[in-house]
Protein chains: 2
Amino acid sequence: MRGVILHAPGDVRVEERRDPRIEQPTDAVIRVAAACVCGSDLWPYRGIEDVSGPAPMGHEYVGVVEEVGSEVRNVEPGQFVVGSFFASDNTCEICRAGYQSRCVHAVPMGGIGSQTEKLRVPLADGTLVATPGTPPEDLIPSLLAASDVLGTGWFGAVAAEAGPGKTVAVVGDGAVGLLGVLAAKELGAERIIAMSRHADRQKLAREFGATDIVEQRGDEGVERIKELTGGLGAHSVIEAVGTQESMMQAIRSTRPGGHVGYVGVSHDVELPGLELFFSGVHLHGGPAPVRRFLPELIEKIWQRRIDPGKVFDLTLPLDEAAEAYRAMDERRAIKALLTL
Amino acid sequence: MRGVILHAPGDVRVEERRDPRIEQPTDAVIRVAAACVCGSDLWPYRGIEDVSGPAPMGHEYVGVVEEVGSEVRNVEPGQFVVGSFFASDNTCEICRAGYQSRCVHAVPMGGIGSQTEKLRVPLADGTLVATPGTPPEDLIPSLLAASDVLGTGWFGAVAAEAGPGKTVAVVGDGAVGLLGVLAAKELGAERIIAMSRHADRQKLAREFGATDIVEQRGDEGVERIKELTGGLGAHSVIEAVGTQESMMQAIRSTRPGGHVGYVGVSHDVELPGLELFFSGVHLHGGPAPVRRFLPELIEKIWQRRIDPGKVFDLTLPLDEAAEAYRAMDERRAIKALLTL
């Protein structure tokens, strides 16, 4: 089978890989229907994260179950499934508390690589959620979004305690930030301020429910959020970038007692203790426990209540993965879907 | 009147100060019945925080109202009152959300100095809570504790979401940490692990409800907490020190999805973003909104359900304040009460 391998920064190739097989009785093997490139794939692609030797890429996937191990009970061959970027048993104490991405048996799917024709999914019973049936073609992008980028934006909104009566600000206009806007809207937020300086992303943010756009960044962006919130700051801020500037922008845009939900993977971030202390904000985030939200998100997509697949503004066949990476790296695309 | 003034690190004196008077129609003036020395008073005393010129000291107080401004409605002369270390209007949006220490009109009482015979309290209606009557002498230490150290430990426990079924670890065995133990117990925690290597403080921690004592610190302390919690970490950790080591000890002792409540004023703390991200913890803290809890805490003290005044293991007249500071600085006393 064919799959995407990163050899060095900027050097992504589609190569022959060995077909996966059931290794553990709790495994499943799925035929991938669609995969995609994540903002976090760009960190090693850009050389900001170390690349040591050829690495299989991708951690987002939807597909059809081909084979299951002898202990798998919850999914069966032929079912269309969505999984998260961390395999999880969904039964340990951490999973039951809703933190499946930190399951005591968690397996990062990025280490296996989902930008490929077939994928071994460990802990299939805990990881995979079957859709109500075979989805129509046009729902596949949205179901794929649920695998990470929607689930991550959703977690950001939940961690930021977005909800009725709340003003929510979103730092970051990538796919996660945009779907944070969608999540805040679905969770009932009263006012949603998207921070973006790109017309196409502003447009999508408005489609997803943003009521205000702030183009300023850094201290100026913070000032603007304060102006829009009676000097107090937003109740809830979703941070979807992961840099020092974006984290401080998020913390400073939040009112005392408010909530920051941060889902951008932190890179070279150091939070100053004294400022954080006196900010009085709640800070919660990390790798999103997407599995917690999957049943609810699949249901909303199936009912066509939400259309998160709109974040895919570039669709290419798997064999053109290198162009998908380039387009995202150069910000010509918000998010690229790979068809199989 | 006489009051405590810090002239330079280590140089605390009791001197003549001008009697306070009503300056704003929302002020009250109280005759202080008891004040005390806070762990945070030791930062400037030790020269770790800058001291610029003579500074009035103290921000904890209970006393009897002597005079009120023309707009004060909720308290009247003759009432015994407890106040927080931040004066607050208790009516702004931030106060109504329970964050009175970050009231839009907040006044830090430390700038006025409560280690004194008489004290002007701004925003008296929002700040002061009257007790049900004149308290018996033996309740005064506990009521004084409510003014900061109990309210702060309580906030730490609330921020850490201590409650039924939870294992709570407490980093720091000063008065705040010890009262964090008491708060966790009152909030219904199942298991409370006090981290302390001092026999007298361990004893008080057990009296307040600690079920386990951990003497190790740093990485060893974290390992010990993990051992006691099935490898997962505590559900809730109260951080009551404010150093880099104590913050990291708290974060690392908390399970993914768990809660850190941090109430030690941060000094030279930098939180590493990537580690915090993958920890998956909730982080909340800051200057405690003591006013939120005062009515409930006064009621518990009045009913003799809790006895937080036990943290005062040294009682001296105001004139011997210098010795009170020395005793706390040298850790000969957990907390010193000043009588008037």
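The values are calculated or read from the model by the stated rules, or taken from the named source; none is laboratory data. Please read these numbers as outputs of a predicted model, since none were measured by experiment. Cβ: placed from backbone, ideal geometry, glycine included. Neighbour counts: every protein chain shown.
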> Looking at B:T131, B:T167, which one is within 30 Å of B:E220 (Cα to Cα) and among the hydroxyl-bearing types (S, T, Y)?
Replying inline: B:T167
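Go through region A:265-294 and count every residue that is touching a strand residue (DSSP E or B) at 6+ places or on another chain (Cβ under 6 Å), within 25 Å of A:G39 (Cα to Cα) and not charged (D, E, K, R). So that I can check it myself, show each step before the final result.
Of the residues in region A:265-294, the ones touching a strand residue (DSSP E or B) at 6+ places or on another chain (Cβ under 6 Å) are A:270-271, A:280-285, A:294.
Remaining after also requiring within 25 Å of A:G39 (Cα to Cα): A:270-271, A:283-285, A:294.
From the residues that got through so far, the ones that are not charged (D, E, K, R) too are A:271, A:283-285, A:294.
Total meeting the criteria: 5.
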> How many residues does region A:116-143 hold that are among the charged types (D, E, K, R) and over 26 Å from A:D313 (Cβ atoms)?
Replying inline: 3
> Residues in region A:174-197 that are in contact (Cβ under 8 Å) with a residue 40 or more places away in the chain and not in a helix (DSSP H, G or I): how many?
Replying inline: 4
> Which residues, counting only those in region A:316-340, are under 19 Å from the mean Cα position of the chain (by Cα) and under 24 Å from A:G133 (Cα atoms)?
Replying inline: A:L337, A:L338, A:T339
>> Can you pull out every residue in region B:222-241 that is surrounded by fewer than 23 Cβ atoms within 10 Å (Cβ to Cβ) and either under 21 Å from B:V265 (Cβ atoms) or within 14 Å of chain A (Cβ to nearest Cβ) (or both)?
In response: B:K226, B:T229, B:G230, B:G231, B:L232
> Can you name every residue in region A:92-133 that is within 14 Å of chain B (Cβ to nearest Cβ), part of a loop (DSSP other than H, G, I, E, B) and out of contact with any His (no Cβ under 9 Å at 6 or more places or on another chain)?
Replying inline: A:G98, A:Y99, A:C103, A:V104, A:H105, A:A106
> Which is in contact with a strand residue (DSSP E or B) (Cβ under 7 Å, 6 or more places away or on another chain), part of a helix (DSSP H, G or I) and either at pLDDT 95 or above or in the same structural domain as B:V81 (by TED's automatic domain parsing) (or both), of B:L139, B:L143?
Replying inline: B:L143
> Name the residues in region A:327-338 that are in contact with a Lys or Arg (Cβ under 8 Å, 6 or more places away or on another chain) and outside any loop (DSSP other than H, G, I, E, B), would you?
Replying inline: A:M328, A:D329
>> I'm trying to understand the selection: among the residues of region B:246-260, which are surrounded by fewer than 24 Cβ atoms within 10 Å (Cβ to Cβ) and of a type in the set (V, I, T)?
In response: B:I251
> Do you know which residues across region B:146-173 are within 9 Å of the chain's Cα centre (by Cα), in a loop (DSSP other than H, G, I, E, B) and not charged (D, E, K, R)?
Replying inline: B:S147
> Inside region A:302-321, can you point out the residues that are assigned to a helix (DSSP H, G or I) and under 28 Å from A:S246 (Cβ atoms)?
Replying inline: A:P308, A:G309, A:K310, A:V311, A:A321
> In region A:198-210, is there at least one residue being of a type outside the set (F, W, Y), touching a helix residue (DSSP H, G or I) at 6+ places or on another chain (Cβ under 7 Å) and without any contact (Cβ under 8 Å) to a residue 40 or more places away in the chain?
Replying inline: yes
> Looking at A:G83, is it away from every other protein chain (no Cβ under 14 Å), of a type outside the set (D, E) and touching a helix residue (DSSP H, G or I) at 6+ places or on another chain (Cβ under 9 Å)?
Replying inline: yes
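Just checking, how many residues over region A:261-288 are more than 8 Å from chain B (Cβ to nearest Cβ), at pLDDT 95 or above and surrounded by 21 or more Cβ atoms within 10 Å (Cβ to Cβ)?
So the count comes out to 3.
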> Before we move on, is B:A169 in contact (Cβ under 8 Å) with a residue 60 or more places away in the chain and in contact with a Cys (Cβ under 9 Å, 6 or more places away or on another chain)?
Replying inline: no
